[in-house]
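Since the structure comes first, as structure tokens, the remarks are kept for the end.
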Amino acid sequence: MVDLVNELEGKVAIVTGSARNIGRVTAEELARAGAAVVINALSRKSLCEEVAEGICAAGGRAIPVMADCRDKDSIDAMATAAIREFGGIDILVHNAAVRHNIHFDDMTFDHLKDPIALSIHGMFHLAKATVPSMKQRGGGSIIGVGGMNSHRGSTGRSHLMAAKMGMNQYVRGLSLDLAEFGIRANQVVVGTYDTVRDASTAAPRRNLVNIPLGREGVPQDMANLVRYLVGPGGDYITGQTIHSNGGAFLNL
């Protein structure tokens with residue numbers, strides 16, 4: 001029987017892209033479970049500070065750290081800040097992403113490189129920066145956040161599909177290489193979710209008829225899944241791709 005009250009007490013988590021939406025709610029949920037949390041974004045400093053302040057006001061521990069997940073030095077500095085402030089790192093959730101829709105006819109090589117740098121290179125830099133501390137602390141958990149469109153396809157998203165599926169396979173590789181150290185690695189996959197997006201990245205709403213449970217997901221749905229996977233209830237889960245989509249995609 002796993003106790004799911006303060007089950008992450010004493011743990012330290014980094015959640016990238018946690019200024020708003022799924023990243024923010026995930027960071028807040030991990031804090032409610034007892035973890036100290038690093039709130040991260042590339043440019044939304046005031047929002048990161050707001051999230052961290054809210055967690056601290058509720059009795060938790062959190063710090064905002066601005067960092068570019070595509071840049072090794074930036075990631076190393078964020079990991080150093082986490083270790084200096086909280087003593088180590090146990091949990092990594094790589095949620096940061098870009099979501100612009102671009103048809104192949106209009107796509108440049110830079111459009112392709114950007115999401116790959118963020119999702120795949122970013123996961124590499126993050127793992128390199130955090131795994132040594134996880135090893136020292138006797139284990140840990142790595143979560144990559146993917147998207148359903150990468151699995152079933154979507155017009156104008158071939159670059160994003162390549163990036164997220166690349167991260168998916170890299171995470172699976174990490175699960176094998178790091179299992180001996182008690183470090184687990186999984187990917188969670190977001191379905192059709194109700195989140196706030198910039199006008200330039202807004203995707204058309206799908207008919208809810210295509211979602212068997214009859215509703216869009218909300219950030220708390222994913223936060224609940226991540227909390228379970230990184231906690232003691234997920235101790236025997238690694239190398240998996242777990243979907244949260246209300247049945248909209250059946251991963252056979």
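The values are calculated or read from the model by the stated rules, or taken from the named source; none is laboratory data. Only a predicted model underlies this, so the values are computations on that prediction, with no experimental measurement involved. Using ideal geometry, Cβ is built from the backbone for each residue, glycine included, and neighbour counts are taken over all protein chains shown.
The figures follow:
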| item | result |
| --- | --- |
| The one condition in (1) of a type in the set (Asp, Glu); (2) within 21 Å of Asn21 (Cβ to Cβ); (3) crowded, with 23+ Cβ neighbours inside 10 Å that Asp90 fails to fulfil | (2) |
| Residue match in the range 233-240 (condition: modelled with pLDDT of 90 or more, closer than 19 Å to Val145 by Cα and surrounded by 20 or more Cβ atoms within 10 Å (Cβ to Cβ)) | yes |
| Qualifying residues in the range 90-142 (those that are in contact with a His (Cβ under 7 Å, 6 or more places away or on another chain) and among the hydrophobic types (A, V, I, L, M, F, W, C)) - the one farthest from Val25 (Cα to Cα) | Met107 |
| The range 97-120 - residue that is in a helix (DSSP H, G or I) and over 19 Å from the mean Cα position of the chain (by Cα) and, of those, farthest from Ala67 (Cα to Cα) | Asp105 |
| Unmet criterion (only one of (1) free of Cβ contacts under 8 Å to residues at least 40 places away in the same chain; (2) more than 25 Å from Tyr236 (Cβ to Cβ)) for Val98 | (1) |
| Met66 vs. criteria closer than 19 Å to Pro132 by Cα, surrounded by 15 or more Cβ atoms within 10 Å (Cβ to Cβ) and under 17 Å from the mean Cα position of the chain (by Cα) | no |
| Whichever residue in the range 191-227 is charged (D, E, K, R) and at pLDDT 70 or above and, among such residues, is farthest from the chain's Cα centre (by Cα) | Arg215 |
| Filtered residues of the range 121-165 (kept if in a helix (DSSP H, G or I), surrounded by fewer than 21 Cβ atoms within 10 Å (Cβ to Cβ) and at pLDDT 95 or above) | His121, Phe124, Lys128, Pro132, Ser133, Lys135, Gln136 |
| Only one of Leu92, Leu118 that is under 16 Å from Gly144 (Cα atoms) and either in contact with a Phe, Trp or Tyr (Cβ under 9 Å, 6 or more places away or on another chain) or touching a residue at least 60 places away in the same chain (Cβ under 8 Å) (or both) | Leu92 |
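Condition check ((1) outside any loop (DSSP other than H, G, I, E, B); (2) of a type in the set (Gly, Ala, Ser); (3) within 18 Å of the chain's Cα centre (by Cα)) across all residues:
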site	(1), (2), (3)
Glu29	yes, no, yes
Val38	yes, no, yes
Gly54	yes, yes, no
Ile89	no, no, yes
